[in-house]
Ligand code: FEO
């Protein structure tokens, strides 16, 4: 696929419509993804990034039919993760002399994957420029940990395009590669899902880097990320990132639980009734972590001001779908969110302690009392108690 972005820039990436899981099976994609690669043309030609393994042969064939691999003068690696860098191996097989421009950390990642010490690496830092001739110049900006230590962006002043790598991307497909041509609410949903599941652990770095990049006063007409759509209204996604990186929360409470014989499910429903009775404005969403999509749950937790997490006691601990979710949330290092635990138990009242310990280590502020545990199958009195717990929790979150 080749698509003209400007007179000097072509899109040569690949659209992966059928992909439903990313990072192996770790992360769901609702509508596939794209692996974005760009050609920037001055007197010299630069290729920015490549594509993931299933599209490697097609990618090389496309390049051969457009500019030709032999006509590439510079290879720019913004990020060495294999979704963007896999086909670098194919390119280097055809052009072992090709100069690669990347960060010092990217050299380590690339050598780690390809085990090739002899490639022509040219290490760049923030502010370094690559002159392509005819007024075309790329300026590099290091953005380590967004999303790997090796990450950088490239700014193309001539057409005011910021090639942003992973940040500002989405796992989203459209034949219309520009934000002005796609459904903006659908696009924002995918952008926040991507932020919550990939970028959120580095929110403190996003905040710092956003300030740094904005202080450069670059004129940005387009943001061209490595996944998804090219933003032709860059201020829209920049404003969203400024909100999302700053302990983001909406007036939303998410209840997540797993259940064996519906006791914990009944408690969840009673707590939800209590929240709604207390606060007519708050939105409440409920998920069974064993059956719902974990990446979608993470997205809703990211949007929430508070979460309630439930599991029965199981083998002196909790059910694995809840434990897995809480461990996932620990890695996301979310800030400014409140939480409480709930669940049923039979002969061992242990679930609340395990749940609250995990919530605490994931950075949540805990409600007092930290949780509600109901013995065996809840009675009507127990459910009234759960509604009261929900009311108290909602009041604390208001
Ligand atoms: Fe899309 Fe961090 O790679």
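The values are calculated or read from the model by the stated rules, or taken from the named source; none is laboratory data. Note that the structure is a prediction, hence the values are computed from the model and not measured. We place every Cβ from the backbone using ideal geometry, glycine too, and count neighbours over all the protein chains shown.
Just a yes or no: is a residue in the range 335-345 in contact with a helix residue (DSSP H, G or I) (Cβ under 8 Å, 6 or more places away or on another chain) and surrounded by fewer than 19 Cβ atoms within 10 Å (Cβ to Cβ)? Yes, the range 335-345 contains a residue that is in contact with a helix residue (DSSP H, G or I) (Cβ under 8 Å, 6 or more places away or on another chain) and surrounded by fewer than 19 Cβ atoms within 10 Å (Cβ to Cβ).
Taking the range 325-366, which residues are farther than 23 Å from residue 252 by Cα and in a strand (DSSP E or B)? Answer for the range 325-366, where residues must be farther than 23 Å from residue 252 by Cα and in a strand (DSSP E or B): 344, 345. The residues in the range 12-27 that are touching a strand residue (DSSP E or B) at 6+ places or on another chain (Cβ under 8 Å) and away from the ligand (no atom under 15 Å from the Cβ) can be counted, and the count is 2. Output yes when any residue across the range 45-58 is at negative phi, away from the ligand (no atom under 16 Å from the Cβ) and either in a loop (DSSP other than H, G, I, E, B) or loosely packed, with under 15 Cβ neighbours inside 10 Å (or both), and no when none is. Yes: the range 45-58 contains one or more residues that are at negative phi, away from the ligand (no atom under 16 Å from the Cβ) and either in a loop (DSSP other than H, G, I, E, B) or loosely packed, with under 15 Cβ neighbours inside 10 Å (or both). Checked against the criterion of being surrounded by 15 or more Cβ atoms within 10 Å (Cβ to Cβ) and within 16 Å of the ligand (Cβ to nearest atom), the range 173-186 has at least one qualifying residue. Taking the criterion of being in contact with a helix residue (DSSP H, G or I) (Cβ under 6 Å, 6 or more places away or on another chain) and within 16 Å of the ligand (Cβ to nearest atom), the residues of the range 207-230 that qualify are 223, 226, 229. Summed over the range 298-315, residues that are out of contact with any helix residue (DSSP H, G or I) (no Cβ under 8 Å at 6 or more places or on another chain) and more than 19 Å from residue 28 (Cα to Cα) total 2. Taking the range 129-143 as the range and being within 16 Å of the ligand (Cβ to nearest atom) and part of a strand (DSSP E or B) as the test, only 142 passes. When 362, 292 are checked against the criterion of being under 25 Å from residue 247 (Cβ atoms) and touching a helix residue (DSSP H, G or I) at 6+ places or on another chain (Cβ under 8 Å), 362 stands alone in meeting it. In this structure, residue 369 does satisfy being more than 28 Å from residue 23 (Cβ to Cβ) and at pLDDT below 95. Only one of the listed residues (264, 232, 291) is touching a strand residue (DSSP E or B) at 6+ places or on another chain (Cβ under 8 Å) and under 30 Å from residue 348 (Cα atoms). That residue is 264. Taken over the range 301-317, residues that are outside any loop (DSSP other than H, G, I, E, B) and surrounded by fewer than 22 Cβ atoms within 10 Å (Cβ to Cβ) amount to 3. Evaluating residue 31 against the criteria (1) without any contact (Cβ under 8 Å) to a residue 40 or more places away in the chain; (2) within 18 Å of residue 172 (Cα to Cα) leaves one unmet condition, (1). Considering the range 144-171 alone, what residues qualify as being within 13 Å of the ligand (Cβ to nearest atom), part of a loop (DSSP other than H, G, I, E, B) and more than 23 Å from residue 19 (Cα to Cα)? Those that are within 13 Å of the ligand (Cβ to nearest atom), part of a loop (DSSP other than H, G, I, E, B) and more than 23 Å from residue 19 (Cα to Cα): 144, 145, 149, 150, 151. Scan the range 149-161 residue by residue and report those that are touching a residue at least 60 places away in the same chain (Cβ under 8 Å) and in contact with a helix residue (DSSP H, G or I) (Cβ under 7 Å, 6 or more places away or on another chain). 150, the sole residue that qualifies. Considering 285, 269, the condition of being more than 16 Å from the ligand (Cβ to nearest atom) and in a helix (DSSP H, G or I) is satisfied by 269 alone. Scanning the range 59-91 for residues that are out of contact with any helix residue (DSSP H, G or I) (no Cβ under 6 Å at 6 or more places or on another chain) and within 12 Å of the ligand (Cβ to nearest atom) turns up 78, 79, 81, 82, 83, 84, 85. Looking at the structure I just gave you, is residue 39 part of a strand (DSSP E or B), surrounded by fewer than 21 Cβ atoms within 10 Å (Cβ to Cβ), more than 23 Å from the chain's Cα centre (by Cα) and free of Cβ contacts under 8 Å to residues at least 60 places away in the same chain? Yes; evaluated as a whole, the condition is true for this residue.
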